Each structure stands twice: as structure tokens, then as C-alpha cells.
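Enquirer: Okay, handing you the structure first.
The values are calculated or read from the model by the stated rules, or taken from the named source; none is laboratory data. Quantities reported herein were computed from a predicted structural model and do not represent experimental measurements. Virtual Cβ from ideal backbone geometry, glycine too; neighbours counted across all protein chains shown. All accessible areas refer to the heavy atoms of the entire protein, side chains included, with ligands and DNA or RNA removed. Shrake-Rupley method; radii C 1.70, N 1.55, O 1.52, S 1.80 Å.
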Amino acid sequence: MKKFVFIDIDGTLYDREDPRGIPQSTVQAIRELQRAGNLAMICTGRCMSCVEPYIRDIGFDGYIAGCGTHIIYKKQELWYQTLSADLIRKVDRLCKEEQVMPVFEGSQYLYVDESDCTGENLRFYHFYEQFYKGKVRSIDHDAKDVCKFTVRLNPDDRCDAKKRRLAASLTKFGLEILDKGHSLEVYPCGSGKGEGIRRFLTLTGYEQADTYAFGDGVNDITMMEQVRFGIALGHADSRLLHACCCETDDLYENGIFNACKKLHLIP
């Protein structure tokens with residue numbers, strides 16, 4: 001029976017702020033498990049426009065992106081749940097009222113207005129422009145590829161109150177909110193990483209497959225709850241550990257490779 005291995009990107013596949021990039025041992029593990037007849041899938045909160053070419057070049061069998069809203073397998077799109085123009089317009093208006101920074105995320109582009117950015121958020125805007133060069137556009141309420149969004153808040157004494165008001169309104173719009181401190185990750189109800197994996201296995205007929213997942217953050221909890229073996233990287237958030245069956249080494253201490261060996265995913 002094929003074994004499916006789902007791998008988060010940020011903090012698991014690599015650390016974006018670490019110059020070492022993706023560990024070679026991780027790339028080796030992915031290719032060895034594929035040679036053994038198993039499948040390697042990315043499962044990420046990022047939308048596809050934010051999955052860099054050097055990640056795609058590794059040769060993953062598919063992607064569950066945008067917190068489960070976009071599923072690609074063997075280069076075929078199996079599922080894509082996008083946000084309506086009306087919803088994008090409502091969210092944009094709400095964020096402007098609260099003076100926070102919305103970043104609408106899609107398969108082709110990120111949509112964000114520099115005029116919404118002040119303080120710390122202006123730094124994030126310039127980061128998006130530089131890191132996702134050519135992928136950043138002004139907010140377009142009629143964009144057809146938006147599947148989720150992030151709301152960034154400046155760290156000040158009004159942050160918590162703003163988050164409470166935003167969460168109350170966004171929930172009424174039929175959205176789920178993951179609080180990540182000074183940002184809110186927002187996606188349609190019924191999505192999420194775990195639901196994305198469940199939907200992928202149903203669409204492909206692999207419901208009974210042997211499943212594994214590697215992650216490090218709170219947003220990986222539903223992913224771990226959906227698979228048979230959840231593995232937390234050594235530096236993982238303590239809240240994730242309760243949803244995992246085991247813990248491996250840090251990502252830069254060959255964490256994924258070592259766990260694949262221990263679990264007999266690779267020879």
C-alpha cells in the first residue's frame with residue numbers, strides 16, 4: 001500500500017529567515033521515499049503563488065495549499081475553493097474601518113495595498129514585494145483566484161480589541177480564523193489543513209492509505225489529527241505535541257530524514 005507523507009513548509013521544510021534554506025537531508029528523504037513507491041505532498045497555509053520555484057523543483061507529487069482550499073495532484077487541479085467578489089469587498093471594507101492590513105492570497109498573486117500599511121505592517125509590505133517579486137498586486141475585488149487571506153495588525157495596545165471585533169465579524173461571513181499573534185489567518189469554514197487532507201484522500205480514492213504528516217506550528221494541529229502518524233519537528237510549538245504520535249529532531253538537525261528512517265519510510 002502506498003504511504004502518503006504530508007509536509008508543511010514554514011518551519012518544517014525550511015525556515016524562510018535562515019540562510020541555510022531547505023536541508024539537503026530533507027530533499028534526500030523526499031526523493032528516497034518516492035523511489036520506495038511512497039508519495040510526498042506539501043500541505044501548507046500558503047497559497048500556490050507563494051510556493052517558490054525551488055520548492056516545486058524538488059518534485060512533490062502534489063500540493064494541498066491555501067489551508068485546504070486548493071488541491072493539486074500529479075499536476076491536475078482536484079479542488080479550488082475561491083472567495084466571492086462580494087466577500088472580498090466586505091472584508092476589505094472591514095479592514096479599512098479597523099485600520100489593519102489585509103493580504104488576499106491566490107494561486108497567481110497576492111493582493112495588498114500599500115496605503116493600508118503603517119508601522120510594522122509597512123515592513124511586511126516591502127517584504128512581500130521583495131520576496132514574492134512580480135506576484136504582488138493592488139487589491140482587486142473581482143480577482144478570481146483568491147482562496148484565503150491574512151489580516152496583519154500592528155503590535156500595540158489596541159491589537160487584542162481589534163482582533164476580537166474582526167473575529168466576530170469574519171465569523172458571521174462564514175470564515176474560520178486562526179490567531180497567529182499579530183496576524184489572523186482566515187479561510188472558508190470547512191477548510192483547513194486537516195480537511196484538505198481528508199478531501200484529497202476522498203477525491204483520489206485513497207481513504208485507507210497509510211498517512212504521515214510533518215509539522216511544527218499550531219496551524220498543523222488539524223493536519224496531525226487527520227493522519228495516522230503525526231510527527232512534530234524538534235522545535236515545534238508545544239501545543240502541537242499533544243496531537244502528534246512522536247517528535248523528531250530540529251529541521252536543521254536532519255529531523256525529517258531521521259524520522260523517515262525511524263518509521264521505515266525510506267531504506
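Enquirer: Taking the range 129-153 only, how many residues are in contact with a Leu (Cβ under 6 Å, 6 or more places away or on another chain), basic (Lys, Arg) and free of Cβ contacts under 8 Å to residues at least 60 places away in the same chain?
Expert: Qualifying residue count for the region: 0.
Enquirer: Can you find, within the range 250-267, the residue that is most open to solvent (accessible area, probe 1.4 Å) among those that are out of contact with any Gly (no Cβ under 6 Å at 6 or more places or on another chain) and not in a helix (DSSP H, G or I)?
Expert: HIS264
Enquirer: Quick check on this structure: which one of LYS96, LYS148 is surrounded by 12 or more Cβ atoms within 10 Å (Cβ to Cβ) and over 30 Å from ILE72 (Cβ atoms)?
Expert: Result of the check over LYS96, LYS148: LYS96.
Enquirer: Please go through the range 200-220 and pick out each residue that is of a type in the set (D, E, K, R) and more than 16 Å from the chain's Cα centre (by Cα).
Expert: Of the residues in the range 200-220, the ones of a type in the set (D, E, K, R) are 207, 210, 216, 220.
Within the range 200-220, GLU207, ASP210 meet the criteria.
Enquirer: Do you know which of the residues in the range 1-14 that are open to solvent by 30 Å² or more (accessible area, probe 1.4 Å) and modelled with pLDDT of 95 or more is nearest to ILE42 (Cα to Cα)?
Expert: Ranking the candidates gives ASP10 first.
Enquirer: May I pose another question? Hey, among the residues in the range 155-195 that are in contact with a strand residue (DSSP E or B) (Cβ under 8 Å, 6 or more places away or on another chain), part of a loop (DSSP other than H, G, I, E, B) and not small (Gly, Ala, Ser), which one's surrounded by the most Cβ atoms within 10 Å (Cβ to Cβ)?
Expert: It comes out as HIS182.
For every residue, the table says whether it meets (1) under 21 Å from ILE139 (Cβ atoms); (2) surrounded by fewer than 24 Cβ atoms within 10 Å (Cβ to Cβ).
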{"position": "ILE58", "(1), (2)": "no, yes"}
{"position": "ASP61", "(1), (2)": "no, yes"}
{"position": "ILE64", "(1), (2)": "no, no"}
{"position": "CYS67", "(1), (2)": "yes, no"}
{"position": "ILE72", "(1), (2)": "no, yes"}
{"position": "GLN76", "(1), (2)": "no, yes"}
{"position": "TRP79", "(1), (2)": "no, yes"}
{"position": "ILE88", "(1), (2)": "yes, yes"}
{"position": "ASP92", "(1), (2)": "yes, yes"}
